[in-house]
Amino acid sequence: LMYKLIFRMFNKYDYLALLTNRDKKNGGYKTKTEVIANMNESSVPKEFALLENKNVITVGSMHDDRKRFDIQIKLWEDVVKKHPDWLLNIYGDGTGKEILQNSIDQLKLNKNVILHGSSNTMPKHYLDSSIFLFTSSAEGLPMVLIESLSYGVPCVSFDCPTGPSDIITNDVDGYVVENGNVESLKEKLFKLIEDSELRKAMGINAKKNAARYETDNIAKQWTSLFRKIKNDK
């Protein structure tokens, strides 16, 4: 009921600013819409991840089951069978941490899946990684994907509503697969694990593509919107 009331309010405004093209396409809004993403306030860092370490990174709150870290942990059972020296590093904290650790213990993955908790040195962890894995069931605009690309780390992600298909250019700087399709996710993950040249090529593209989220570029979009509103009056 609350969301219905909020959505009704949208039609009273001159413009509605949305985070993603997918939301614009599927939202069915009656008022004028503009897509303006959140800016990456840290800007695009100068450093590149070398993408040589056998580390996969994922980041998110463990208060939120929608992150679906449990899928990643279960998936790692298959990863270690083919690539026993690859690690999954999970950064984040919350009420679900104990359950996730129990799952890691039961699957005997303690040497390959590490729950690091919260960190104040995330740039270092991105730079030490070679792939970003993302399994959320729903998002608004996941900034962790933008941050990952900005360090030149290619992403493998479910195509959840909304964000990943706007942020990741499929087959260019990462892969976006059908939401919930674990086999597809695993296939693309293995592809990047097993092909270092592909990883590095995607990493170069990732860093280039992340530039569109720089503060100056997003600010220009807001300025353009304000001019449209002024000219419509």
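The values are calculated or read from the model by the stated rules, or taken from the named source; none is laboratory data. Remember, predicted model here, so these are calculated numbers, not experimental data. Note that we place each Cβ from the backbone using ideal geometry, even for glycine, and neighbour counts take in every protein chain shown. In case anyone asks, the SASA skips ligands and DNA or RNA and just uses the protein heavy atoms, side chains included. Shrake-Rupley method; radii C 1.70, N 1.55, O 1.52, S 1.80 Å.
If R₀ is 45 angstrom, what is the calculated FRET efficiency for the pair Lys108 and Lys230, using the beta carbon separation as r and rounding to 0.05?
Between Lys108 and Lys230 the formula returns 0.10.
Starting from the Cα of Lys228, draw a straight line to each of the aspartates and glutamates and keep only those under 17 Å, dropping any in the same chain fewer than 8 residues away.
Asp14, Glu34
For Leu225, what is the net charge nearby, where nearby means another residue's Cβ is under 13 Å from its Cβ and Lys, Arg count +1, Asp, Glu -1?
Counting the neighbours of Leu225, the net charge comes to +2.
Going Cα to Cα from Lys124, which aspartates and glutamates come in below 19 Å? Please leave out same-chain ones fewer than 8 positions away.
The reachable aspartates and glutamates, counting only those whose Cα sits under 19 Å from Lys124, are Glu41, Glu47, Glu52, Asp93, Glu147.
Compute for the chain: radius of gyration divided by Kirkwood radius, i.e. Rg/Rh, restricted to C-alpha atoms, rounded to two decimals.
Radius of gyration relative to Kirkwood radius: 1.01.
Long-range amide H contacts for Lys32: which residues qualify at under 5 Å (H placed 1.01 Å from N, peptide plane, sequence gap of 5 or more or a different chain)?
Amide H to amide H, under 5 Å and 5 or more residues apart or across chains, Lys32 pairs with Leu16.
Looking at the stretch 1-80, which GluC sites (Glu not before Pro) are DSSP coil and have at most 12 other C-beta atoms within 10 Å of their C-beta?
Listed in order of number, the matching sites are Glu41, Glu52.
Counting helices only, and only those DSSP H runs with n ≥ 4, report the 222 nm mean residue ellipticity of the chain as the sum of -39,500 (n - 2.57) divided by its residues, in deg cm²/dmol to the nearest 500.
Rounded to the nearest 500, it is -13500 deg cm²/dmol.
With 30 Å as the limit, write out which pairs from Lys24/Lys233; Lys24/Lys74; Lys25/Lys200 have Cα-Cα distances beyond it, or answer none.
Lys24/Lys74; Lys25/Lys200
Calculate the spin-label point distance for Lys54 paired with Ala201, positioning each point 7 Å from the Cα along the beta-carbon direction, and give it in nanometres.
The two pseudo-label positions are separated by 2.4 nm.
Compute the FRET efficiency between Glu47 and Tyr3 as 1/(1 + (r/R0)^6), taking r as their Cβ-Cβ distance and R0 = 30 Å, and round to the nearest 0.05.
0.15
What net charge do the residues around Val59 carry, taking every other residue with its C-beta under 10 Å from that of Val59, with Lys and Arg at +1 and Asp and Glu at -1?
Net local charge, Val59 excluded: 0.
If you average the C-alpha positions of the stretch 149-191 and of the stretch 53-87 separately, how far apart do those two centres end up, in angstrom?
If you average the Cα positions of each part, the centres end up 14 Å apart.
Taking all protein chains together and a probe of 1.4 Å, list Leu100, Leu19 from the most accessible to the least accessible.
Final ranking, largest accessible area leading: Leu19, Leu100.
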